[in-house]
Amino acid sequence: MTPLVDVENLKVVFHGDRGRIIHAVESVSFDLAPGVTLGLVGESGCGKSVTALAIMGLLPKGSAEVSGRVGFDGSNLLDLTDSAMRDLRGDRLAMIFQEPMTSLNPAYTIGEQISETLVRHRGLTRSQARARAIDLLRDVRIPSPEQRVDEYPHKLSGGMRQRAMVAMALACDPKLLIADEPTTALDVTIQAQVLELLRSLKAKTNAAIVLISHDLGVVAEICDEVAVMYAGEIVEHAPVDALFESPQHPYTIGLLASIPRLDRRVETLATVEGSLPDMSAVPQACRFAPRCPFRSEICVSRPPPVVDIGTRHWSRCVKAPLERIIA
Amino acid sequence: MSALLEVEGLSRHFVTRRSPFGRPLATVKAVDGVDLTVPAGSTLALVGETGCGKSTVGRLILRLIEPLAGDIRFEGRRILTFGEKELRAFRREAQIVFQDPYSSLNPRMTVEELIAEPLALHDIVPASRRRDRVAELLSLVGLDPRYGQRYPHEFSGGQRQRIAIARALAVEPKLIVCDEPVSALDVSIRSQVLNLLAGLRKRLSLTYVFISHDLSVIKHIADRVAVMYLGRIVETAPADELFANPRHPYTRALFSAIPIPQPHSRRQRQLLEGDIPSPLSPPTGCHLHPRCAHAIERCQLERPALIADQGGHATACHRWRELPALSGLSEQEAPGPRLERLMSEFTRKPGVGATAVAATLNSRGLNGVPDRR
């Protein structure tokens with residue numbers, strides 16, 4: 001299958017005040033077929049959201065320098081003009097943000113905000129768009145959509161707002177949907193409902209989805225493939241089963257081990273000691289080495305190779321496959 | 001074990017809207033008849049979703065806000081009768097750690113000033129010895145005492161939370177209310193702070209009231225758990241018992257909603273319908289009935305009492321005895337053997353030679369900015 005999305009060597013450099021340079025994203029590559037959901041996981045500051053914004057062309061032109069290639073449906077998004085990108089966004093490219101309260105406009109009704117996309121991209125009339133908006137709200141299982149469509153965002157609960165965001169993103173049947181921490185601001189029982197919704201929509205639309213999350217539990221529930229990011233790089237990429245059965249990068253293992261367990265009680269939790277490297281002067285070596293219990297001399301003297309483990313499974317670690325360490 | 005803290009019939013309402021003459025028009029029953037007992041040296045966890053009243057209970061226990069009704073006893077003393085002087089003395093015995101270490105530390109004070117403030121307020125350590133005591137407290141929470149002269153913004157989230165903990169410990173309290181202390185932190189940092197809290201409890205024989213919405217965190221740290229929904233406790237039990245045999249439909253729904261880091265986890269799911277109702281007009285009878293799959297007419301009419309069995313497992317549900325058994329979370333969610341081995345290898349202390357490598361790292365300046373963001 002030819003991939004729908006083909007990101008190659010994506011690199012984002014921010015130019016800050018007084019000549020400060022931040023290498024936020026470094027050589028990120030992945031591809032994505034229609035109907036596949038990729039989870040992009042990592043902790044604060046690892047570059048997962050910046051990667052998403054770079055794909056969507058939403059980074060500030062003045063301070064962010066984006067290079068590499070974002071292949072989408074045969075063209076390189078990084079080459080497109082601003083107006084061509086505006087035609088794509090909201091139409092074939094859509095995005096859901098974390099905070100539904102700040103990403104919805106409080107001055108317009110839910111219906112007006114969904115209709116705007118339909119009028120802009122599909123040329124519907126106001127009344128056609130409103131009717132379609134009601135259908136969309138029904139699809140995301142908002143009760144009594146005929147009334148909700150005329151309500152303002154503040155009248156809706158957090159879970160409802162996020163559903164409205166999903167409806168808006170899906171208005172024009174996007175081919176690629178980027179969801180940036182879509183359930184992080186929600187309570188667990190509501191999160192479960194929204195995840196259930198995303199799962200069923202995924203089966204219906206055949207869109208490729210990039211789901212950004214810091215929660216490995218959420219990723220395990222709805223993703224097909226996972227890319228783990230650390231300090232601006234993808235350190236491991238794997239099919240979801242392989243990642244949770246036999247992770248091949250020490251950072252992935254550390255993340256999994258840090259989650260308090262539900263199956264039994266342990267005296268002390270595993271920790272990943274130390275902190276993120278300074279992103280303005282990243283070393284020409286493994287970025288995780290200073291925090292890695294498996295490190296050796298080679299890890300700090302040269303950049304780690306990308307090691308193939310299996311089908312669509314690779315790890316940026318010289319020690320992979322890690323089974324050698326256990327043996 | 002004697003109870004350090006006993007709470008009976010605790011209630012607190014908030015007026016959300018008043019008429020122009022100050023007459024209350026709308027009231028939220030944030031806490032509605034809560035009973036709790038916390039033995040000395042144990043950890044009681046309060047769990048629930050947004051608006052369930054768990055944080056309000058935490059503040060009421062410390063008398064940071066005043067209750068409408070109820071009784072709170074700390075070592076047998078009724079703290080609601082305390083005058084100003086006694087209340088001030090009580091602050092030495094009970095402290096709080098807040099969720100957001102970015103807003104709970106005064107940005108204009110150095111770490112040393114922040115931690116020395118309670119020492120001076122309560123006149124615990126003479127001025128001449130304060131600096132030493134601050135250094136001790138900093139090492140107690142795993143921070144380098146040399147950081148005393150720095151300001152909060154120079155620290156990462158996890159380190160700020162350590163500072164907040166050191167500040168709470170300064171008065172040598174018996175009880176600490178931890179209000180979502182790790183919710184704002186990344187996973188790997190979260191486990192460090194949880195380990196610290198568990199270690200301190202042991203070393204200093206502290207008692208915690210631990211407020212959280214995260215069940216995996218609670219499973220790790222709590223001895224006893226109270227599940228709250230819209231101002232009331234719906235179920236309370238020893239932690240292991242609760243996780244093995246959840247009885248209340250709400251507890252079961254909470255458990256089955258936790259995303260577990262295992263694809264194709266074969267759990268029975270019991271999702272709740274609809275949203276959390278507005279606490280302004282909670283449903284009649286059992287607050288859960290509009291969302292509960294097992295609700296009958298009685299649930300609409302009659303508030304279920306929280307009834308405990310012999311083992312101290314209490315449930316506020318009319319129907320829990322009739323509900324189908326649900327196996328707890330414990331057995332089903334174990335990771336596979338390969339992952340288990342990889343994780344234990346990761347956790348094992350780095351072998352010999354690690355220090356040598358660390359030295360190389362330092363000399364090359366590769367050791368990630370130590371402790372500063």
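The values are calculated or read from the model by the stated rules, or taken from the named source; none is laboratory data. The structure displayed is predicted, hence computed values, not measured ones. Glycine also receives a Cβ, built like all others from the backbone with ideal geometry; neighbour counts cover every protein chain displayed.
Residues in region A:203-212 that are more than 25 Å from A:G111 (Cβ to Cβ) and surrounded by fewer than 21 Cβ atoms within 10 Å (Cβ to Cβ): how many?
2
Scan region A:286-305 and give yes if some residue there is among the β-branched types (V, I, T) and modelled with pLDDT of 90 or more, otherwise no.
Yes, there is a match, as at least one residue in region A:286-305 is among the β-branched types (V, I, T) and modelled with pLDDT of 90 or more.
Considering only region B:56-93, how many residues are under 21 Å from the mean Cα position of the chain (by Cα) and assigned to a helix (DSSP H, G or I)?
Residues that pass the stated criteria total 7.
Look at region A:173-191 and say how many of its residues are of a type in the set (A, V, I, L, M) and under 20 Å from B:Y229 (Cα atoms).
Final tally of qualifying residues: 4.
Tally up the residues in region A:183-234 that are more than 28 Å from A:L77 (Cβ to Cβ) and away from chain B (no Cβ under 12 Å), please.
1
Condition test on B:I96, is it in a strand (DSSP E or B) and not charged (D, E, K, R)?
yes
Which helices (runs of 4 or more DSSP H) sit wholly inside region A:186-271 and have at least 1 residues that are closer than 26 Å to A:G310 by Cα and modelled with pLDDT of 90 or more?
So the answer is A:216-222, A:240-245, A:250-258.
Please note which helices (runs of 4 or more DSSP H) are completely contained in region B:194-312 and include at least 1 residues that are closer than 22 Å to B:L323 by Cβ and within 10 Å of chain A (Cβ to nearest Cβ).
B:215-221, B:239-244, B:249-257
With the requirement that a residue be surrounded by fewer than 24 Cβ atoms within 10 Å (Cβ to Cβ) and within 14 Å of chain B (Cβ to nearest Cβ), what does region A:161-182 give you?
Result: A:R161, A:E181.
Filtering region A:1-23 down to residues that are of a type in the set (A, V, I, L, M, F, W, C) and more than 15 Å from the chain's Cα centre (by Cα), which residue is nearest to A:D73 (Cα to Cα)?
Once the filter is applied, the top-ranked residue is A:L4.
Do you know which residues across region B:166-183 are surrounded by fewer than 23 Cβ atoms within 10 Å (Cβ to Cβ) and part of a strand (DSSP E or B)?
Within region B:166-183, B:L175, B:D179 meet the criteria.
Among the listed residues A:S280, A:S275, identify the single one that is within 7 Å of chain B (Cβ to nearest Cβ) and either over 23 Å from A:E99 (Cα atoms) or not in a loop (DSSP other than H, G, I, E, B) (or both).
A:S275
Output the residues belonging to region B:17-44 that are assigned to a loop (DSSP other than H, G, I, E, B) and either free of Cβ contacts under 8 Å to residues at least 40 places away in the same chain or closer than 20 Å to B:S212 by Cβ (or both).
Once the filter is applied, which keeps residues that are assigned to a loop (DSSP other than H, G, I, E, B) and either free of Cβ contacts under 8 Å to residues at least 40 places away in the same chain or closer than 20 Å to B:S212 by Cβ (or both), region B:17-44 yields B:S19, B:P20, B:F21, B:G22, B:R23, B:G41, B:S42.
If a residue must be more than 22 Å from A:A203 (Cβ to Cβ), surrounded by 20 or more Cβ atoms within 10 Å (Cβ to Cβ) and of a type in the set (S, T, N, Q), how many such residues does region A:27-48 contain?
Residues flagged as more than 22 Å from A:A203 (Cβ to Cβ), surrounded by 20 or more Cβ atoms within 10 Å (Cβ to Cβ) and of a type in the set (S, T, N, Q) within region A:27-48 amount to 0.
Given the options B:E75, B:E66, B:E93, name the one that is exposed (fewer than 13 other Cβ atoms within 10 Å of the Cβ), of a type in the set (D, E, K, R) and either away from every other protein chain (no Cβ under 14 Å) or out of contact with any Phe, Trp or Tyr (no Cβ under 8 Å at 6 or more places or on another chain) (or both).
B:E66
Limited to region A:158-196, what total is found for residues that are under 10 Å from A:Q98 (Cβ atoms) and of a type in the set (G, A, S)?
2
Looking at (1) at positive phi; (2) in contact with a Leu (Cβ under 8 Å, 6 or more places away or on another chain), which is the one condition that is false for B:V141?
(1)
Given the residues A:S246, A:S296, A:S280, which is the only one that is among the polar types (S, T, N, Q) and out of contact with any helix residue (DSSP H, G or I) (no Cβ under 9 Å at 6 or more places or on another chain)?
Matching residue, one of A:S246, A:S296, A:S280: A:S280.
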